[in-house]
Amino acid sequence: MEEYAGQSHILGEGKLLRRAVMADRFSSIILYGPPGVGKTTLAHIISQETKARFVTLSGVESSVADIRKEAETAVKFRQLNHQGTVLFVDELHRFNKAQQDVLLPHLERGTLRFIGATTHNPYFYVNSPLVSRSQVFTLEPLGMDDLQKLLTRALTDEERGLGRWKATITDEALRHLSNVSDGDARKCLNALELAVLSSRPNAEGRIVIDLAAAEESVQQKTVVYDGDGDAHYDTISAFIKSIRASDPDAAIYWLAKMLYAGEDIRFIARRIVIAASEDVGMADSNALRVAVAAQQAVEFIGMPEARIILGHATIYLATAPKSNRAYQAIDAALEDVKQGRTLPVPKHLRDSHYKGAESLGNGVGYLYPHDYEGGFIPQRCLEGGRQYYDPTTNGLEGRVKERLDHYRQQWEKAAGDAPK
């Protein structure tokens with residue numbers, strides 16, 4: 001445990017997980033985090049701290065039969081040796097519902113203590129009953145300091161590291177490997193190993209890893225990004241929220257991360273079109289035109305030039321005035337319809353383009369606005385006077401508000417003058 005790097009928020013002195021592991025008093029644990037942050041390593045450290053029998057299964061390879069077999073063996077060990085069993089399932093999200101359900105009765109009876117490791121959000125990819133019976137601990141990407149300590153230790157450890165190669169590394173190379181690894185210790189150590197094993201000793205018989213060797217060992221930075229998991233949803237969420245917050249620098253960064261990681265440009269374009277109405281809305285209706293044009297251009301052009309168009313649309317939306325009142329208006333109206341506020345169409349608005357419509361009263365009393373000055377006549381089109389759209393004063397919507405306030409005053413006056 002003392003050699004474990006990072007995760008001080010759950011493994012620091014006095015933290016719950018550290019106390020539970022050191023006292024061997026944990027029950028069921030789910031370790032959740034991106035690749036290379038130490039989930040499996042932590043599980044094996046726990047296996048050394050616990051007095052229980054430790055068994056490992058793979059979420060990729062193991063079946064329901066494997067789980068039942070381990071549970072039966074655990075019962076025998078408890079009966080014969082008075083020894084409990086800890087079952088570690090790596091890649092837990094790969095288990096289907098049936099496999100996860102098989103675990104439940106054994107956890108309930110205490111036959112097994114359980115540790116699961118997953119890169120996918122357990123609240124989405126793990127059955128609720130299993131999550132509710134487990135303590136979920138989130139592991140974060142390792143910081144630069146943690147990665148540099150790992151690299152330094154790996155270079156000096158002759159038993160488990162690269163110490164027998166007598167290699168050294170420059171500060172610039174150390175920083176470079178730590179930076180491009182994106183908090184992934186596995187990626188960082190693999191790059192160091194490649195740099196050491198592929199480098200020739202100098203005249204003194206020592207291997208020196210300089211910045212050039214470090215850069216050569218990591219040809220291209222790989223961004224931690226899963227196309228259907230947390231990184232996908234979290235990054236697009238950050239992108240949209242940055243546009244909403246009128247922060248073009250943040251929005252363009254999250255766009256760049258998605259593009260670099262290979263996100264579907266059609267998906268990004270769709271989200272931009274939605275944001276144009278949801279977040280910019282009536283404050284600048286031209287945003288929707290820009291967004292739709294960008295979506296069509298992206299479809300027509302493709303990468304790599306599509307990045308320019310997406311960047312253009314992103315910055316336009318991020319710097320535009322904001323209003324979500326049109327979005328709120330349609331949702332409020334839908335809620336009224338859903339909750340039973342279904343109003344009949346007033347007779348003067350009904351279709352009158354057929355013989356006999358007038359005899360039914362359809363279209364009678366309708367006033368054609370274009371026949372009046374300004375193209376407006378105070379004639380309401382919805383009974384009850386319910387107002388769904390409440391414009392802001394932001395951007396061009398301020399002018400809409402002025403005009404609409406005038407119309408609404410005229411409607412109220414006309415309603416007051418109408419015979420009772």
- Just rank W254, W411, fewest to most, by other beta-carbon atoms within 10 angstrom. W411, W254
- Counting only residues 5 or more apart in sequence or on a different chain, those whose built amide H sits under 5 Å from that of I115 are I29, L87, F88, V89
- Item | CD proxy at 222 nm, helix term only [per DSSP H run n ≥ 4: -39500 (n - 2.57); per residue of the chain; nearest 500] | -15500 deg cm²/dmol
- Note on the structure: With the 8 Å Cα cutoff and a minimum separation of six or more residues, segment 137-288 has a relative contact order in percent of 17
- Query: With the dipole of the chain worked out from charges on the C-beta (+1 for Lys and Arg, -1 for Asp and Glu) around the Cα centre, which of L17, Y4, V290 lies farthest toward the positive end?
  - Reply: L17
- Label points 7 Å out from Cα along the Cβ direction at D66 and A293: separation in nm? 5.6
- Message: Can you compute the charge dipole magnitude of segment 230-319 about its Cα centre, using +1 on each Lys and Arg Cβ and -1 on each Asp and Glu Cβ, nothing else charged? Give it in debye, rounded to the nearest 20.
- Response: 120
- Task: Give me the distance between the Cα centres of segment 103-174 and segment 256-310, rounded to whole Å.
- Result: 37
- Residues of segment 372-390 with amide N under 20 Å of the 7 Å Cα→Cβ point at R408: 376-390
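Find the relative contact order for the chain and round it to a whole percent, using C-alpha pairs within less than 8 Å whose residues are 6+ positions apart.
Details: 581 pairs, mean separation 45.1, N = 420.
Once normalised by length, the contact order is 11 percent.
Using Cβ contacts closer than 10 Å as the measure, can you line up S323, S128 from fewest to most?
Numbers: S323 25, S128 10.
The most exposed by this proxy come first: S128, S323.
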- Query: Scanning the chain for helices, which whole DSSP H stretches are 24 Å or more long along the axis (Cα) and average -1.0 or more by Kyte-Doolittle?
  - Reply: 64-81
- Would you mind classifying segment 230-319 by shape? Square roots of the alpha carbon gyration tensor eigenvalues, ordered a ≥ b ≥ c; an a/c under 1.5 is rounded, otherwise it is prolate if a/b is larger than b/c and oblate if not. oblate
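Which number do you get for Rg(Cα) / (2.2 N^0.38 Å) in the chain?
Details: Rg = 31.9 Å, N = 420, 2.2 N^0.38 = 21.8 Å.
Ratio of Rg to 2.2 N^0.38 Å for the chain: 1.46.
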- With the dipole of the chain worked out from charges on the C-beta (+1 for Lys and Arg, -1 for Asp and Glu) around the Cα centre, which of Y123, T314, H82 lies farthest toward the positive end? H82
- Message: Under 5 Å between amide hydrogens, which residues at least 5 positions from K322 or on another chain qualify, with H placed 1.01 Å from N in the peptide plane?
- Response: none
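Taking neighbour Cβ counts within 10 Å as the exposure measure, how do S181, S199, S134 sort from fewest upward?
On the way: S181 27, S199 17, S134 21.
Result, fewest neighbours first: S199, S134, S181.
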- Set Lys and Arg Cβ to +1 and Asp and Glu Cβ to -1, take the dipole of segment 49-200 about its Cα centre, and tell me which of V196, N96, M144 lies farthest positive. N96
- Note on the structure: Shape call for segment 8-138, from the Cα gyration tensor axes a ≥ b ≥ c (a/c under 1.5 means rounded, otherwise prolate when a/b beats b/c, else oblate), comes out oblate
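None of the figures in this text is laboratory data; all of them are computed from the coordinates on show. Computed from a predicted structure; not experimentally measured. In this analysis, Cβ positions are derived from the backbone assuming ideal geometry, glycine residues included, and neighbour counts consider all displayed protein chains.
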